[in-house]
Amino acid sequence: MVGTDSAGNGHGPPTPRNAAEATLTEAQLRVALGRGVITAAQMQQLLALSRESMAAEDRELDREDGGVSFAHLLYWAGTFAVLFALGYFLVDKWRSLKPAGVLGVTTLYALAFVLASRFLWRLRYRAASGLFALLAVGMVPVMTWALESMAGIWPTVPDQRGPFTTDLLATIRWIPIELSAALAALVALRRGIQLSVLTVAATLPFAMALVHATPLVFEPEHDWILWGWIAIVASSLLLIGGAEIERRTGRAVDHAGWAYLTGLGFLIAGIVSVTPQSRAIPHSLPAVVVLLGVASLAARRLVFLLFGGVLFVGWLGFLAGSVFQTATGFMIVTVAAGALLILGTVTVQSRFPGLLRAFSDTGAPRSYRALALGFGAACLASLALVAVANARAPGLARERYARELEASRRAAQARAIARQRTVPGPVPAETPARSRP
């Protein structure tokens, strides 16, 4: 049976619903036998083939299909148990094993996990195979750390050169660890592992490597100013990657959803980091919320709307604490704005029903190119903001240094006053008792 897409076109792979509709039941086979369409031997062969197919489907029930089964819960419980046991062992034996011992233990574990993943893959237990692959990927960054430590790249104590300087080696030494984890996850995905959470093992370390590369591109002393902006750039790149992944793979195994989730997480982290740098940043949050709403409609993804809601609540908190003097004024303005939004939506819905219906369709995006271009524009805008922040970094550093010096001076004065109050004064001499005449 030819599959149909959401628009009813006759192309695309058959969906599970179509496959179920195309399956003949045993009662239908008996009707066909009674009408002479098939023979008794053919019916027995068809029933045997159906049982084999059902057994194969039972073995593949742990594949990702948008739901959660009891097998999934047991799989993840076993995965967490393995991770906890291995982590506890490494923490307890870290000093005695030393880097060479850690490398040996993690290598043996990684090989065992790879073999288990291949074995379960051949038995067509896709999710269980993917979880063992995820465990193998989790060993790779620990192995990379051991190699760095054996090579002397990972110093025991970071170089503390001052409150406003960055230990360059302590920052960039994370990059090989993060890139090795991302590469291992990409290899697992390339090998056909059908576990969408593996996408996080590729996207999260990649974005963290971009953040840790900040002092290699800009002045290391400005790292604390720029890392939030670099996180926003990484967020844009992950969103572009999610759109491309969805264009290539679809949603049979939702790798793109995890890429979107990671990108939006970095967006929130970046905005929280850069908000203290300028008062204009929290005032611009409504525009970001609107853009996330548009992205939610374009990508047909609820996750954009959820993160937009988080930013909207944060903006309301900023208004309540920093803009409005009283809670009464904040309440009146916010309630009025919310009521006008609801009434405006009702008006548009009643007069232009087709307009809202056009943006209410579910399913895959209509144009992946437009989606990627939108995220690309966000990436260019974030790069421009990085350039602006880099130009303002020396002034921000001087302001912060002045604030720190003033705070240190006041703390020293407070300590001096406290010492003066606690120092005992001279004890007055006792008056001799007056003798009686």
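Candidates in the stretch 367-416 are the residues that are surrounded by 16 or more Cβ atoms within 10 Å (Cβ to Cβ) and small (Gly, Ala, Ser); of these, the one that is nearest to Ile240 (Cα to Cα) is Ala372. Of everything in the stretch 121-130 that is in contact with a Lys or Arg (Cβ under 8 Å, 6 or more places away or on another chain) and assigned to a helix (DSSP H, G or I), the residue that is modelled with the highest pLDDT is Ser129.
Taking the criterion of being closer than 26 Å to Gly270 by Cβ and either without any contact (Cβ under 8 Å) to a residue 24 or more places away in the chain or of a type in the set (Lys, Arg) (or both), the residues of the stretch 311-333 that qualify are Val313, Leu316, Gly317, Leu319, Ala320, Gly321, Val323. Could you list, in sequence order, the residues of the stretch 238-266 that are at pLDDT 85 or above and among the aliphatic types (A, V, I, L, M)? Leu238, Leu239, Ile240, Ala243, Ile245, Ala256, Ala259, Leu261, Leu264 - these are the residues of the stretch 238-266 that are at pLDDT 85 or above and among the aliphatic types (A, V, I, L, M).
Looking at the structure I just gave you, is Leu297 touching a helix residue (DSSP H, G or I) at 6+ places or on another chain (Cβ under 6 Å), under 21 Å from Ala377 (Cβ atoms) and aliphatic (A, V, I, L, M)? It is false that Leu297 is touching a helix residue (DSSP H, G or I) at 6+ places or on another chain (Cβ under 6 Å), under 21 Å from Ala377 (Cβ atoms) and aliphatic (A, V, I, L, M).
Of the residues Val274, Val346, Val289, only one is part of a helix (DSSP H, G or I) and surrounded by fewer than 14 Cβ atoms within 10 Å (Cβ to Cβ); which?
On the way: Val274 fails: surrounded by fewer than 14 Cβ atoms within 10 Å (Cβ to Cβ); Val289 fails: surrounded by fewer than 14 Cβ atoms within 10 Å (Cβ to Cβ).
Only one candidate qualifies: Val346.
The requirement of being within 15 Å of the chain's Cα centre (by Cα), modelled with pLDDT of 85 or more and of a type outside the set (A, V, I, L, M, F, W, C) is fulfilled somewhere in the stretch 270-291, by at least one residue.
So in the stretch 169-189, with the set limited to residues that are more than 18 Å from the chain's Cα centre (by Cα) and over 11 Å from Pro141 (Cα atoms), which one is surrounded by the fewest Cβ atoms within 10 Å (Cβ to Cβ)? Step by step, filter the stretch 169-189, then rank; the result is Leu169.
The values are calculated or read from the model by the stated rules, or taken from the named source; none is laboratory data. The structure presented is a predicted model; accordingly, all values stated were derived computationally and were not measured. In this analysis, Cβ positions are derived from the backbone assuming ideal geometry, glycine residues included, and neighbour counts consider all displayed protein chains.
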